[in-house]
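**Q** Here it is, the structure in full.
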Amino acid sequence: MLEALEKIKSTEKQNEKEKETLMSKLADYELSQRKMLQEKREALKKDFSKVLSEREHELAEKLAAEEQELASNAKGTLTTMEDNYLKKKEQTIQRIIERVISEYGSQ
């Protein structure tokens with residue numbers, strides 16, 4: 001009977017050591033998983049920042065191109081308006097001269 005008790009104590013000690021070993025391994029595994037998760041989070045943040053930066057750059061270039069196109073269109077429209085103004089101005093001056101001549105004659 002004493003021998004059986006000794007064997008039970010020995011088995012309990014062995015089980016306790018195995019439990020401690022397993023708990024230690026579990027803690028190490030948990031730590032490694034947390035570290036891996038943190039690294040993945042950081043990588044995702046970095047990737048997100050990169051994608052966001054690229055998108056901002058892309059949109060800035062698109063906006064600059066649109067601004068340039070609008071400025072070019074505005075310049076063309078302004079030139080057309082100036083040309084039309086000058087043409088109408090000349091036509092109006094010619095009509096006034098013709099009316100004055102027809103009204104008062106050429107003296």
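**Q** Which pairs have Cβ atoms under 6 Å, sit 6 or more apart or on different chains, and link a residue in region 25-41 that is at positive phi to one that is open to solvent by 100 Å² or more (accessible area, probe 1.4 Å)?
**A** From residues that are at positive phi, there are no pairs.
**Q** Any chance you could count how many residues in region 1-29 are among the acidic types (Asp, Glu) and open to solvent by less than 90 Å² (accessible area, probe 1.4 Å)?
**A** 1
**Q** For Arg99, state whether it is open to solvent by 100 Å² or more (accessible area, probe 1.4 Å) and at pLDDT 95 or above.
**A** no
The values are calculated or read from the model by the stated rules, or taken from the named source; none is laboratory data. Keep in mind it's a predicted model, so treat the numbers as computed, not measured. Neighbour counts are summed over all protein chains in view; Cβ atoms, including those assigned to glycine, are modelled from backbone coordinates with ideal geometry. Please note that ligands, DNA and RNA were not included when accessible areas were found on the heavy atoms of the full protein model with its side chains. Shrake-Rupley method; radii C 1.70, N 1.55, O 1.52, S 1.80 Å.
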